[in-house]
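The values are calculated or read from the model by the stated rules, or taken from the named source; none is laboratory data. Note that this is a predicted model, so its numbers are computed, not measured. Cβ placement follows ideal geometry from the backbone for every residue including glycine, while neighbour counts extend to all protein chains displayed. For accessibility, only protein heavy atoms count, side chains too; no ligands or nucleic acids. Shrake-Rupley method; radii C 1.70, N 1.55, O 1.52, S 1.80 Å.
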Amino acid sequence: MINILNRPRFLGTHAPLISDLSLILILLTAIMFTIGWQLARQKQYEAHRWVQTAAACLNAIVVLGVMIRSFVVHILPGVPGKLLEGDYGVTTVHAIVGMIALLLGLFVVLRANKLVPKGLRFKNYKLFMRTSYSLYMLATFIGVIVYLEVYVLGI
Ligand code: HEM
């Protein structure tokens, strides 16, 4: 199983299968977040809540299951000494933006599903949701740059 996950060329790049799968799943969550946003604009709030909850959970599974481990093994030992070398800098920026997006996104999902204590139930939905959507998209964009740098350009 581990061998299959490390086999490259699924998408025709040098990436192991596990990175290709995580790229595909994260792009899927980006599409889901965008569909969910459109549902909110159409005032279909129940469908919006379900789609965003599913997208945030899928995103969290990929980040916790693949990325954080990869960061700890490959990048963290080079921080801060190698930040100006290879993909260390951009991956570290990606990890910081991604971590904030993940935590804020999960908090918004918990709040929307009434799973946080009353004191934390913010009313300003627009501000929180727009901020977490923007951070998810920014993390995805920088993640795609990381993928291209590492597995296409071979930096
Ligand atoms: C909203 C949260 C996040 C999104 C949307 C996101 C998105 C992406 C995408 C699209 C890629 C390229 C596909 C891949 O190589 O797996 C990627 C790679 C990566 N991300 Fe994230 N990411 C997020 C959070 C994080 C966090 C919190 C960390 C670390 C603490 C992290 C570390 C990495 C690393 C190390 C890679 C390269 C993985 C590899 O070895 O292939 N990411 N991310």
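For the stretch 98-155, a residue qualifies if it is among the small types (Gly, Ala, Ser) and in contact with a helix residue (DSSP H, G or I) (Cβ under 9 Å, 6 or more places away or on another chain), and the qualifying residues are Gly98, Ala101, Gly105, Ala112, Ser132, Ser134, Ala139, Gly143.
Looking at the stretch 69-86, which of the residues that are over 20 Å from Tyr136 (Cα atoms) and near the ligand (Cβ under 9 Å from one of its atoms) is surrounded by the fewest Cβ atoms within 10 Å (Cβ to Cβ)? Of everything passing the filter in the stretch 69-86, Val73 is surrounded by the fewest Cβ atoms within 10 Å (Cβ to Cβ).
Among the residues making up the stretch 96-109, those that are more than 7 Å from the ligand (Cβ to nearest atom) and open to solvent by less than 50 Å² (accessible area, probe 1.4 Å) are Val97, Leu104, Val108, Val109. Among the numbered conditions (1) surrounded by 12 or more Cβ atoms within 10 Å (Cβ to Cβ); (2) part of a loop (DSSP other than H, G, I, E, B), tell me where Val93 comes up short. Going through (1) surrounded by 12 or more Cβ atoms within 10 Å (Cβ to Cβ); (2) part of a loop (DSSP other than H, G, I, E, B) one by one, Val93 breaks only (2). The numbered conditions (1) open to solvent by less than 70 Å² (accessible area, probe 1.4 Å); (2) in contact (Cβ under 8 Å) with a residue 40 or more places away in the chain are all true for Trp37 except (1). The residue that is nearest to Met137 (Cα to Cα), counting only those in the stretch 1-34 that are open to solvent by 90 Å² or more (accessible area, probe 1.4 Å) and of a type in the set (A, V, I, L, M, F, W, C), is Ile31. Of the numbered criteria (1) open to solvent by 30 Å² or more (accessible area, probe 1.4 Å); (2) aliphatic (A, V, I, L, M); (3) within 11 Å of the ligand (Cβ to nearest atom); (4) within 21 Å of Asp20 (Cβ to Cβ), the one Leu138 fails is (4). Kindly check whether there is at least one residue in the stretch 55-65 that is more than 19 Å from the chain's Cα centre (by Cα), assigned to a helix (DSSP H, G or I) and loosely packed, with under 12 Cβ neighbours inside 10 Å. No, the stretch 55-65 contains no residue that is more than 19 Å from the chain's Cα centre (by Cα), assigned to a helix (DSSP H, G or I) and loosely packed, with under 12 Cβ neighbours inside 10 Å.
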